[in-house]
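Colleague: The structure under discussion is supplied below as structure tokens; questions concerning it will follow.
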Amino acid sequence: MQQPFALFKTNLSSGIVVCLVALPLCLGIAIASGAPPLSGIIAGIIGGIVVGVISNSHLSVSGPAAGLTAVVLSAIATLGSFELFLCSVVIAGVIQTILGILRAGTISNYFPNNVIEGMLAGIGIIIIRKQIPHAIGYDIENMVKEETIFDSWHSLIDFFTGAFDRFHWGVILIFFLSVCILTLWSRYKLHEKMKLLPGALVAVFAGVLLNEFVFTSNEWLVIRGSLLVNLPALHGIQEITHVLVMPDFSGLMRVDVWTIGLTVAAIASIETLLSIEAADKLDSLRRVTDTNIELIAQGAGNIISAMVGGLPMTSVVLRSSANANAGATHKTSTIIHGVLLLFCMMALPALLNKIPRATLAAILILIGYKLAKPSLFNSYWRKGKYQFIPFIITVIAVVLFDILRGVGLGLLISLGFVLREHLRKTYYISKEELESAGEIRIHLGEEVSFLNKAAIKRTLYNIPSNTSVILDATRTTYIAADVLDIIEEFVNYRAKELNINVQLVGLNMVHIEQSSAQHPQIEIIHKRTL
């Protein structure tokens, strides 16, 4: 076990890198969520310090997540105030804590990958759609007045009809410059060669410098007002307490507040558990995170974050991978990044307020593209309809409705396909196939449930007279009582009536003992035929 100072020294540089990566993301995600920019940094601070201390993950970094932007945006609009939404986040944190105590850390294993990927792809499309105004320079104050913009594809078309008049050419130039920087940094892996210069930070500096020193002589290019980040200046405890937003706990009496709290808890927990799994794979020492402790840590983090006006948080793959690539060996790196974010919030608001929102839009649009890249759609298309249909339906439903309904619909479609495949296994053979078969051999699956009852019954009653049939249950470990009823009835009555010679293979005492009281004849049949 390393000493605290040694851990600090080893993980200082990686903590700085993660802070530089997280800072623009915290601001951008808050803006994309329709929340105060400061709320994103607060969530990053709490995610670094509080979650970092409680969690036993050595590489995971928590903070505001792009995957929750659509939920936050719609929730604030639904509830009518950010304070009521913070009440929902407190509820979500309590639920996550309870889930951790109840050891529900394996819950993510029950969500199919195609639905999860569909949810993330849908979120990516929403992020891109919501960031278009910031990319072209449409004033955020006008957007608030015309809040229906981008809420539907019809309003999107109407917006672009007169979009040329709304363009701000300075914003567009900075947006494309930022996209170029981020793309080059990613393509040539410059973040690995220059660890203290992540692409997002370079894009931010380039945007600030261009606006401050190049555009100042061109009135039609210079960016001002709501097209820049707007953080309050903080000069002491009194100003901090005045700026921080507190939850409105009157929302505890409202059903919609609880519904949103449940939604945030579910999505944040799933995204966290998936991110933790990814972070553990990045660990060169192959240490395994206790997911139940992680849920408790995330729950505590969300409660504290909401109490001081911060966004909900999750463990985030992007920041965790940046942490691993920067050489982090211990969660000390995560805690350092949280402390540095606190320093930036307190000491550098004037500098942060010079950041063009166009740069943050570029960062978020590229994140959205990575979540919904065309190769992902092509990959699921190649996997076949049983993988593609739940995936694409989840994507469409998330974009058109909301994440909860999108994931719910995707799960229902996936469950439908599972049941369909379960019913279609070798339990049913058509009458035509049976008539043309030289020897009829029916293989039962490993588990034969009541769902297979109808198919087995139809198969047995399709067997023609004067034939021989082998009912093979050698691989079967469980047969439902309903199915045993059908087999008993077929052997004792229909087979005798139609002169069908029946052999039961593998129907041993494991199956008989499950319901011997209800099926005394089955044991006799077994002994007589085998």
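What follows is calculated from the coordinates using simple rules that are stated; it is not laboratory data. A quick note: this is a predicted structure, and the numbers were derived from the prediction, not measured. No Cβ is skipped: glycine too gets one built from the backbone with ideal geometry, and neighbour counts run over all protein chains shown.
Colleague: What order do you get for MET307, MET194 when you list them from fewest to most C-beta neighbours inside 10 Å?
Modeller: In order of increasing Cβ crowding within 10 Å: MET194, MET307.
Colleague: Could you order peptides 366-379, 277-290, 93-106 by the average number of other Cβ atoms within 10 Å of their residues, highest first?
Modeller: 93-106, 366-379, 277-290
Colleague: Follow-up question, since we're still on this one. Would you tally the net charge around SER88, using a Cβ to Cβ cut-off of less than 15 Å, leaving SER88 out, and scoring K and R as +1, D and E as -1?
Modeller: Numbers: positive: ARG254; negative: GLU83, ASP248, ASP256, ASP402.
My count for the surroundings of SER88 gives -3.
Colleague: Dipole size in debye (nearest 20) for region 4-387 around its Cα centre, Lys and Arg Cβ +1, Asp and Glu Cβ -1?
Modeller: Roughly 1240 debye for region 4-387.
Colleague: When a footprinting reagent is the concern and you count Cβ atoms within 10 Å, what order do HIS134, HIS168 take, fewest first?
Modeller: If I rank by nearby Cβ atoms, fewest first, I get HIS168, HIS134.
Colleague: Hey, what do the phi angles of region 215-220 turn into as Karplus ³J(HN,Hα) couplings, whole Hz, using 6.51/-1.76/1.60 and θ = phi - 60°, x for Gly and Pro?
Modeller: Karplus-based 3J(HN,Hα) across region 215-220 equals 7, 4, 8, 10, 4, 7 Hz.
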